[in-house]
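The values are calculated or read from the model by the stated rules, or taken from the named source; none is laboratory data. All figures in this text were calculated on a predicted structure; none of them were measured in a lab. All Cβ positions, glycine included, derive from the backbone under ideal geometry; neighbour counts span all protein chains shown. Only protein heavy atoms, including side chains, enter the accessible area calculation; ligands, DNA and RNA are left aside. Shrake-Rupley method; radii C 1.70, N 1.55, O 1.52, S 1.80 Å.
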Amino acid sequence: MEDLILSFALIGIIGVGAQWFAWRLNLPAIVLMAVAGLLVGPVFGLIDPVEDFGEFYRPIIAVAVAVILFEGGLSLKFDEIKGGASQAVLRLVVIGVPIAWLLGTLAAYYIAGLSWSVAALFAGIMVVTGPTVILPLLRQARLNQKTGALLKWEGIINDPIGAVLAVGVFEFMTLHDHDMSEAQAFGSVLIGTLLAVAGGVLLGRIMVSTFTRGMVPEYLKPAVLLTTVIVGFGLANELQDEAGLLTVTAMGITIANSKMPSINQIRHFKENIAVLFVSGVFVILTASLTPDNIAAALNWSTFGFVAAMIFLVRPVTILVSLLGTDVKWQERLLVAWIAPRGIVAVAVSGFFAGSLGAMGYPGADRLIPLAFAMVFATVVLHGFTIAPFGRWL
């Protein structure tokens, strides 16, 4: 118990300390957190989150991601994307996600060497551009409102969509185990997705109605909201794996676009919690890497896959998606370059890697190294270039 408390304390000190140093040195916080996690984990062996936390490891990550996505949803106000910006966001989701998924599947199969089914599942996860990384980068870079809104909305909305795509592929891969037909598997995923979104909207409306009618005192509102987020996340995940990500995102967006008097106070509280969770979870995930994971990521197929995703898949996806919109070419180039992956990509990859490995699928053991390679490459490249590239454009 004492070792566990010390591990939590060390993670907090390292995560918040990395954020502070990033502020003082004007460096990307996410890069320093990743480096700090590597140093205290696989390099010096000060902590081993998987062993220290045991069966609580995955629930801790899951709850933290849920709160982070909810806080991200709270920052999505429809007023930010009126007119042409709303069309651009819609195209990034409706057109961009399928393109990124298709091209990512081809890259994972032909370059990373994964089987078709595992490649499709992993490419679904890789459509995300994590808010755990995007939001700190946007605070640092101070882009214009339109470009920042595009990156923020894409990152937060695509995060749960990527998880659902992976769930859908996984359902099709396990048809025989679940004794379902293809139509039944598709219907199961579709119904689960719709119910998860509807549940998030319903919970958001309940919270707004309860708070505006004065049924909860001011000092209890953050606690009630946080509890509701965790309950909604857990119930949705019981309905379908990773569906809770959709529920908490929909709940956050619903509350953000309501006329609740205390919304700014709640948003401020949630932002503080999210900063703490982002710091802690990113350190936990990087500290959980093993020398074997790192060695598995250091090969030419991994480097080729990462390069294809950054320099081919992402630019093609964005430039095709934004054709015919009023987004300026400078803004298109910046959005096409910035696509960092974060906590959700690693957490979901870890979840499916274990399940597919137990089922005997070849290549399942490469999902975690590939995910971490994408995270580190995009975090470092985009973290150090977003501000100067934005100013240059």
| task | Please find the FRET efficiency linking V316 to R205, where r is the Cβ-Cβ separation and R0 is fixed at 56 Å, and quote it to the nearest 0.05. | result | 0.90
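Is the C-alpha gyration tensor of segment 215-290 telling us rounded, prolate or oblate? Criteria: a/c under 1.5 is rounded; beyond that, a/b larger than b/c is prolate, otherwise oblate.
Oblate shape, in that a/c is at least 1.5 and b/c is the bigger or equal ratio.
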| query | Is any helix in the chain, taking whole DSSP H runs, at least 24 angstrom long along its axis by alpha carbon and on average at least 0.0 on the Kyte-Doolittle scale, and which ones? | reply | 2-25, 57-74, 145-173, 182-212, 221-239, 263-287, 367-392
| request: Compute the separation of the alpha-carbon centres of segment 309-349 and segment 1-63 and state it in Å as a whole number. | output: 29 Å
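Can you check what the Kirkwood hydrodynamic radius comes to for segment 34-130, Cα pairs only, in Å to one decimal?
The answer is 16.9 Å.
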| request: Once you have the Cα-Cα distance between Q87 and W116, take 0.36 nm times their residue separation minus that, and quote the gain in nm to one decimal. | output: 7.2 nm
| In segment 125-228, trypsin sites (Lys or Arg not before Pro) in a DSSP loop with at most 11 other beta-carbon atoms within 10 Å | R142, R213
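When the accessible area of the chain is computed with all protein chains present and a 1.4 Å probe, what percentage of it is carbon and sulfur?
Roughly 67 percent of what the probe reaches on the chain is carbon or sulfur.
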| Using a Förster distance of 25 Å, the FRET efficiency for V380-D3 (Cβ separation, nearest 0.05) | 0.20
| Average accessible area per residue (Å²) across the chain - probe 1.4 Å, nucleic acids and ligands excluded | 44 Å²
| task | Return the subset of K152/K221; K221/K259; K77/K152 for which the Cα-Cα distance in this structure is over 19 Å, preserving the input order. | result | K152/K221
